[in-house]
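The values are calculated or read from the model by the stated rules, or taken from the named source; none is laboratory data. In this text, all values refer to a predicted model and were calculated from it rather than measured experimentally. Neighbour counts are summed over all protein chains in view; Cβ atoms, including those assigned to glycine, are modelled from backbone coordinates with ideal geometry.
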Amino acid sequence: MQAQMLDLPGSRNKPDGAKTLISLSDVHISLGRRPILTGINLEIAKGEFLCIVGGSGCGKTTLLRAVAGLIQPTSGSVKIDGKAVLEPRQDVAVVFQDYGKALLPWRTAYGNVELALEANGTPRERRKTIIEDLLAKVGLGEQGAKYPSELSGGMQQRLQIARCLAQSPAVMLMDEPFGALDAMTRQALQDEILELVASTGTTVFFVTHDLEEAVYLGDRVIGLRPNPGRVGIETGVSLARPRNQLTSREDAEFLRLRRKLFDFIQEAEA
């Protein structure tokens, strides 16, 4: 069985009727003379949970960094809310896979979240309530006085997410955020991020190697072909929300989409 591969123009790469928040128009990125990404046309709707999959080296993280404003396209444009992304933005938060390096080891959990509030100029008298609320939301309500070294890996990733939420981001970019965690912790955090996104309306750009994770989390999944990276497949995910780790994964549509993406990755890497 061969996966269906689509090369869709940007105007068709979003749910019908939804407002576009992020747009990438004919984006090409090269490092030196080596093309990393080519011809990326993509629109992401406000409030959408978009997952990006593909084999190693296909440019998933490079694409995320372009949306974050950490690198500039060689040609083409990246826009958020109609404005060109020329540098990192306050309303765009990035959650990295390496949570250990993302957190400040000399600050407590409370202090790490406060860092984001310091950066955006939140008055000191308002910070305590905001921080305590965010720590509670990510299940760290009793851990505020602890340092990152005193927290488990899952707790450290929750803390990084809480710090990102302190920015009140319109967009959250997540680069393999659960890849280093054990299966049970990973599933718990998947459900927590879905609940947080549902309650905040944040738009999510989520990079993962895990096809099941992409189908479970996403409203839509984009698959990249390698050498150079380019859109090779796009599929909507019609699974009912809220998702459930058992029943959603047993749904016939979940299994169909997982197989479709698996076939695409296998064919793309052949």
Failed item in (1) without any contact (Cβ under 8 Å) to a residue 12 or more places away in the chain; (2) within 21 Å of Pro105 (Cα to Cα); (3) hydrophobic (A, V, I, L, M, F, W, C), with Ala166 passing the rest: (1)
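Name the single residue that is modelled with the highest pLDDT among those in the stretch 92-121 being hydroxyl-bearing (Ser, Thr, Tyr) and in contact with a helix residue (DSSP H, G or I) (Cβ under 7 Å, 6 or more places away or on another chain). Before the answer, list the steps.
From the stretch 92-121, those hydroxyl-bearing (Ser, Thr, Tyr) are 99, 108, 110; that's our starting set.
If we keep only those that are in contact with a helix residue (DSSP H, G or I) (Cβ under 7 Å, 6 or more places away or on another chain) too, we end up with 99, 110.
Values: Tyr99: 79, Tyr110: 96.
That would be Tyr110.
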Within the stretch 14-132, strands (runs of 3 or more DSSP E) holding 3 or more residues that are over 19 Å from Met172 (Cβ atoms): 20-31, 34-45, 75-80
Residue match in the stretch 194-201 (condition: within 30 Å of Ala270 (Cα to Cα), surrounded by 15 or more Cβ atoms within 10 Å (Cβ to Cβ) and not basic (Lys, Arg)): no
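Would it be correct to say that Ser75 is over 22 Å from Gln190 (Cβ atoms), at pLDDT 95 or above, hydroxyl-bearing (Ser, Thr, Tyr) and in contact with a Ser or Thr (Cβ under 7 Å, 6 or more places away or on another chain)? Walk me through it before giving the result.
On the way: over 22 Å from Gln190 (Cβ atoms): yes; at pLDDT 95 or above: yes; hydroxyl-bearing (Ser, Thr, Tyr): yes; in contact with a Ser or Thr (Cβ under 7 Å, 6 or more places away or on another chain): no.
So Ser75 does not fit the description; no.
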Residue within the stretch 235-247 that is part of a helix (DSSP H, G or I) and at pLDDT 95 or above present: yes
Residue list for the stretch 230-265, filter: among the small types (Gly, Ala, Ser), buried (at least 16 other Cβ atoms within 10 Å of the Cβ) and under 22 Å from Ile193 (Cα atoms): Ser248
For Glu253: the one exception among (1) modelled with pLDDT of 95 or more; (2) outside any strand (DSSP E or B); (3) in contact with a helix residue (DSSP H, G or I) (Cβ under 8 Å, 6 or more places away or on another chain): (3)
Residue that is farther than 20 Å from Phe205 by Cα, surrounded by fewer than 18 Cβ atoms within 10 Å (Cβ to Cβ), touching a Lys or Arg at 6+ places or on another chain (Cβ under 9 Å) and of a type in the set (Asp, Glu), where the choices are Glu118, Glu114: Glu118
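Would you say Ala214 is touching a Ser or Thr at 6+ places or on another chain (Cβ under 7 Å), touching a residue at least 40 places away in the same chain (Cβ under 8 Å) and assigned to a helix (DSSP H, G or I)?
Details: touching a Ser or Thr at 6+ places or on another chain (Cβ under 7 Å): yes; touching a residue at least 40 places away in the same chain (Cβ under 8 Å): yes; assigned to a helix (DSSP H, G or I): yes.
Yes, satisfied.
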